[in-house]
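Below: one structure, written as structure tokens.
The values are calculated or read from the model by the stated rules, or taken from the named source; none is laboratory data. Keep in mind it's a predicted model, so treat the numbers as computed, not measured. FYI the Cβ positions are ideal-geometry reconstructions off the backbone, even for glycines, and counts take in every protein chain you see. Please note that ligands, DNA and RNA were not included when accessible areas were found on the heavy atoms of the full protein model with its side chains. Shrake-Rupley method; radii C 1.70, N 1.55, O 1.52, S 1.80 Å.
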Amino acid sequence: MRRRKRMMEGLDQDIREHIAMETQDNIERGMSPEEARYTAVRKFGNVTRVKEDTRDVWSFVWLEQLWQDIRYGARMLRRSPGFTVVAILTLALGIGANTAIFSVADAVLLRPLPYAQPDRLVTISECNRPNDLSTRNEVAPGNFLDWRDRSQSFEKVAAVNLMGFSLTGDDRPERVLGAAVSRGLLQMLGLRPALGREMEPTDDQPGANPVVMLSYPLWQRRFSGDTGVIGKSIRLGITPYTVIGVLPAGYTFPESDVDLWVPLEQSITPHEMHWHSSHYLDVYARLKRGITLTQAREEMNRIAAQVKRENPDSNSGAATFVIPLQEDLAGEIRPALLTLLVAVGFVLLIACANVANLLLVRATVRGKELAIRLALGGGKWRVVRQMLTESLLLSVAGGCAGLLVAGWTRQALLALKPESLPQFNTIETDGRVLLFTLGISIATGLLFGLIPALRGTGLDLSPVLHSASRSATAGKSAQRLRKLFVAGEIAISLVLLVGAGLTIRSFLQLRGRALGFRADHTVTARISIPQDQYSQPNQVVSFYDSILERMRATPGVESAGVVSFLPLTGHNFDNSFDIVGRPPRSASNRTYALIRFIDPQYFQVLDIPLLSGRAIEAHDRPASSRSVVLSESMAKQYWPNANPIGQHLIVHMGEDQNTPWQVVGVVADVRTRIAAPPEPTMYMPYAQMPYRYMVLAVRTHGDAKAMVETIRATVRSIDPNQPVYQCRTLAELMDETLVPWRFSMTLLGVFAAIALLLAAAGTYGVTAYFVGHRTHEVGVRMALGARPGDVLWLVVGHGAKLALVGVIVGVIAGLALTRLMSSLLFGVSARDPLTFSVVALLLTVVALAACYIPARRAAKVDPIVALHYE
């Protein structure tokens, strides 16, 4: 500012000197001093204009004018604190919700994975037909080896198998999740160990010394971050493993809760590594430079077909499914996040419409001020720019307040997060999110500010300047515009409410769905015993027999049983089978069923009804003939018009695959996934097919949660080194299963409620303005004999028309848009007539209620006061 002042002072001095010199020349030409100066000034021209033109050349005038607009706009907003606070809070809701959802979508869908050149990382799966997602399956070890050795499209191909370990060696046995990984996985991701070294090829081979890499959290939690842990030995089960490295901090691949890595080919026998019929590996790869995803897919499908021809009797995977790693990791949560992004975008549109309505009214109130400024020579676009500056001040303030709203919303969202929400990138307010908030704030300011600014400067100056009122009278076009905004708010609110209603109905359908078992008074705990300690089948059976015997003798226990996999957990084990007496199926056309290993009391614990035959009984032991119980859906599918009791099955599982299993009973279906139909299931006695990873289920007479410590103590009394984990009641398991639907339902419901609140506020505002604008007319009507009820109906009828138009448009838009969220629904159509009807009725009632308050005030107007109203 001082520099500008010195420049202007110098300009004044130059002008004075120039005029003085011209005056002196005129005197020398014979003019009088007065005439000489007058002529010199006339020749020089308008001094003020010269100063302005010179200032335009010297300085950034637009910057000065912008600063003037900002200061003037801030003063105007301070003079109307009520308007300013309401507008900022309205925008904060819209901008904050958008920022919160964007921060999650950015971390999951947009921001690249925290690995080197993540766009070249892919996931490879098996499928029956090339690139067929519907038949996607995990990879058999033999197929992985063939892919790794034959493919030319990848720099590296690696496999992972998640498995549990018992970390022992002190008084705190702990169950940890491990990943058996093939060599070079960390290098493929472009990462380096935080400590020590990565696995080398010599580590990942049969007969090598057992080695392990610790996750950073496990290193900190269990070993207190001791750098001397490298080279030391830890016990997983009873086997010592040498610690060779610590994974990087923040590393979450392949799962966020993986605690350690072991070599893949140490955890799988050489014979099993060449199997083509067992599918349990996750395979990842890095594309070579210059190789496209399409080229890699074509090559992998050729290799898969070739491996299939070489192993026709054992290999069921005839093709592959290759997908970018980030798309694979975010696949389940993508539809929900995109739906939420659309929902919060609608909330922001409603907020913009509300603030635009407020600004339209404000422009009308400031009509005389604007008319005077235009009449005194203010350019229209100069005034528009000043009004847009006020709008931008509001939107930026709303954006700043929205950051607080975004923080609260994000915390609530993460508290509701489903397990399918990946955490490979930190969800936070970083520079990208701040830039998004700034951009959306500016765009919002322009969106809701431009139309009111143009309307405010489009006044007919003569009537406004001759009016005694300090405000202008809104024209019919401005009134139509306000009505259009409100009808649009109602329409968008209806779409959001319908979406929320559909997800609520889906959630209720799932929650009330018959699952085939009882969940009350039942607690579960998983136990996984290591193979190196319990190597013989009879040792496994004896261990679980001891636990069951002691638990059943515990006071308060009604029944206790074990099962290999609980329903609803997402963990399944299936296998192919043939029916004795029917032609065996080929490897590519085999029939599969889920397999559950159970004890005789399992059906009693979960109260699963026996439909025919008998259940698994105590005499179903290794020395007796093999017995199997089928689920109802399996019996109906393979024996639709016959009784399966007494039939025999050949199950392609275990070393003795030729010994048949006799069907002894049929039980009711149990849903393994809450949103899927029951799957064919075979229940086998765990004593005849010992399985090391079992879930203990205990039904009690009292509080099931209180039984957890009793279970831990019982297991410790049998084996002090055996940890018990995943302790939860069946009711808690059901709640966890509903998390993805609760996630969508809650957030859509909150956003729909905000939209409904904003739409009601917009309807109230327009109706209140309608009443205020027609107060004189109301007075005339009442003076001529109109009753309060007539006035009430006049005002409510005005609001009812807006609500009706908004509801009709909203229903049409809802029918078109709700189809996009079909993947989030269950048991209800995207065009469910009940939901649309209830929402339309609710929105109409809310709109009429918003109209009733100003209508009631209008009905109580004193005609004398109204006739004198300006």
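Does the stretch 513-523 contain at least one residue that is within 26 Å of the chain's Cα centre (by Cα), part of a helix (DSSP H, G or I), surrounded by fewer than 17 Cβ atoms within 10 Å (Cβ to Cβ) and at pLDDT below 85? Before you say what the answer is, go through the steps one by one.
Narrowing the stretch 513-523 to residues within 26 Å of the chain's Cα centre (by Cα): 513.
Okay, now just the ones that are also part of a helix (DSSP H, G or I), so none.
The answer is no; no qualifying residue exists.
Looking only at the stretch 172-190, which residues are part of a loop (DSSP other than H, G, I, E, B), open to solvent by 40 Å² or more (accessible area, probe 1.4 Å) and farther than 12 Å from VAL262 by Cα?
ARG172, GLY190
Residue by residue, here is whether (1) open to solvent by less than 60 Å² (accessible area, probe 1.4 Å); (2) without any contact (Cβ under 8 Å) to a residue 24 or more places away in the chain; (3) over 26 Å from the mean Cα position of the chain (by Cα) holds:
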{"residue": "GLY789", "(1), (2), (3)": "yes, no, yes"}
{"residue": "LEU792", "(1), (2), (3)": "yes, no, yes"}
{"residue": "GLY799", "(1), (2), (3)": "yes, no, yes"}
{"residue": "VAL805", "(1), (2), (3)": "no, no, yes"}
{"residue": "GLY810", "(1), (2), (3)": "yes, no, no"}
{"residue": "GLY814", "(1), (2), (3)": "yes, no, no"}
{"residue": "LEU817", "(1), (2), (3)": "no, no, no"}
{"residue": "LEU824", "(1), (2), (3)": "yes, no, no"}
{"residue": "GLY827", "(1), (2), (3)": "yes, no, no"}
For this session: Determine which single condition ASP257 fails, assuming it passes every other condition in (1) under 32 Å from the mean Cα position of the chain (by Cα); (2) open to solvent by 20 Å² or more (accessible area, probe 1.4 Å); (3) closer than 17 Å to PRO193 by Cβ.
Result: (3)
Problem set entry | Pick from the stretch 714-746, criterion open to solvent by less than 10 Å² (accessible area, probe 1.4 Å) and of a type in the set (A, V, I, L, M, F, W, C), ranking: nearest to the chain's Cα centre (by Cα) | PHE743
Exercise. Residues ARG673, ARG699: which one is touching a residue at least 24 places away in the same chain (Cβ under 8 Å), under 30 Å from SER822 (Cβ atoms) and not aliphatic (A, V, I, L, M)?
Worked result: ARG673
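Give me the residue from the stretch 76-124 that is of a type in the set (D, E, K, R) and closer than 25 Å to LEU747 by Cβ and, out of that set, farthest from the chain's Cα centre (by Cα). Can you show your working first?
Pass one, the stretch 76-124, residues of a type in the set (D, E, K, R): 78-79, 106, 111, 119-120.
Subsequent filtering for residues that are closer than 25 Å to LEU747 by Cβ retains 106, 111.
Working: ASP106: 10, ARG111: 14 Å.
Step by step, filter the stretch 76-124, then rank; the result is ARG111.
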Seminar exercise, completed: Those residues of the stretch 818-861 which are part of a loop (DSSP other than H, G, I, E, B) and either within 29 Å of LEU792 (Cβ to Cβ) or modelled with pLDDT of 85 or more (or both) amount to VAL828, SER829, ALA830, ARG831, ASP832, LYS860, VAL861
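I'd like to check which strands (runs of 3 or more DSSP E) are fully inside the stretch 563-634 and have at least 3 residues that are at pLDDT 90 or above. Break it down stepwise before answering.
Details: elements: 574-579, 591-598, 610-613, 627-631.
Fully inside the stretch 563-634 and qualifying: 591-598, 610-613, 627-631.
Tally time: how many residues in the stretch 299-353 are outside any helix (DSSP H, G or I) and touching a Gly at 6+ places or on another chain (Cβ under 6 Å)? Walk me through it before giving the result.
Here is the first cut: in the stretch 299-353, the residues outside any helix (DSSP H, G or I) are 311-324, 330-333.
Filter once more, so that each one left must be touching a Gly at 6+ places or on another chain (Cβ under 6 Å): none.
Here the count works out to 0.
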For this session: Would you confirm whether any residue within the stretch 120-136 is part of a loop (DSSP other than H, G, I, E, B), touching a Phe, Trp or Tyr at 6+ places or on another chain (Cβ under 7 Å), open to solvent by 40 Å² or more (accessible area, probe 1.4 Å) and over 21 Å from ARG302 (Cβ atoms)?
Result: no
Seminar exercise, completed: Looking across the stretch 233-248 at residues that are of a type in the set (Gly, Ala, Ser) and under 39 Å from the mean Cα position of the chain (by Cα), the single one that is nearest to VAL212 (Cα to Cα) is GLY245
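Here's the yes/no breakdown for (1) under 30 Å from GLY237 (Cα atoms); (2) open to solvent by less than 20 Å² (accessible area, probe 1.4 Å):
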{"residue": "HIS274", "(1), (2)": "yes, no"}
{"residue": "ILE323", "(1), (2)": "no, yes"}
{"residue": "GLU332", "(1), (2)": "no, no"}
{"residue": "VAL344", "(1), (2)": "no, yes"}
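Would you check if there is a residue in the stretch 590-601 being surrounded by fewer than 17 Cβ atoms within 10 Å (Cβ to Cβ) and more than 42 Å from the chain's Cα centre (by Cα)?
Initial filter on the stretch 590-601 (surrounded by fewer than 17 Cβ atoms within 10 Å (Cβ to Cβ)): 590-592.
When the remaining residues are screened for being more than 42 Å from the chain's Cα centre (by Cα), the result is none.
No, the stretch 590-601 contains no residue that is surrounded by fewer than 17 Cβ atoms within 10 Å (Cβ to Cβ) and more than 42 Å from the chain's Cα centre (by Cα).
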Seminar exercise, completed: From the option list SER546, SER564, SER586, single residue qualifying as open to solvent by 10 Å² or more (accessible area, probe 1.4 Å), under 24 Å from GLU617 (Cα atoms) and in contact (Cβ under 8 Å) with a residue 60 or more places away in the chain is SER546
Exercise. Which residues, counting only those in the stretch 635-656, are open to solvent by less than 60 Å² (accessible area, probe 1.4 Å), more than 25 Å from ALA687 (Cα to Cα) and assigned to a helix (DSSP H, G or I)?
Worked result: TYR638
For this session: Look at the stretch 407-449 and say how many of its residues are at pLDDT below 75 and either closer than 22 Å to LEU392 by Cβ or among the hydroxyl-bearing types (Ser, Thr, Tyr) (or both).
Result: 4
For this session: Restricting attention to the stretch 93-119, report how many residues are open to solvent by 10 Å² or more (accessible area, probe 1.4 Å) and assigned to a helix (DSSP H, G or I).
Result: 7
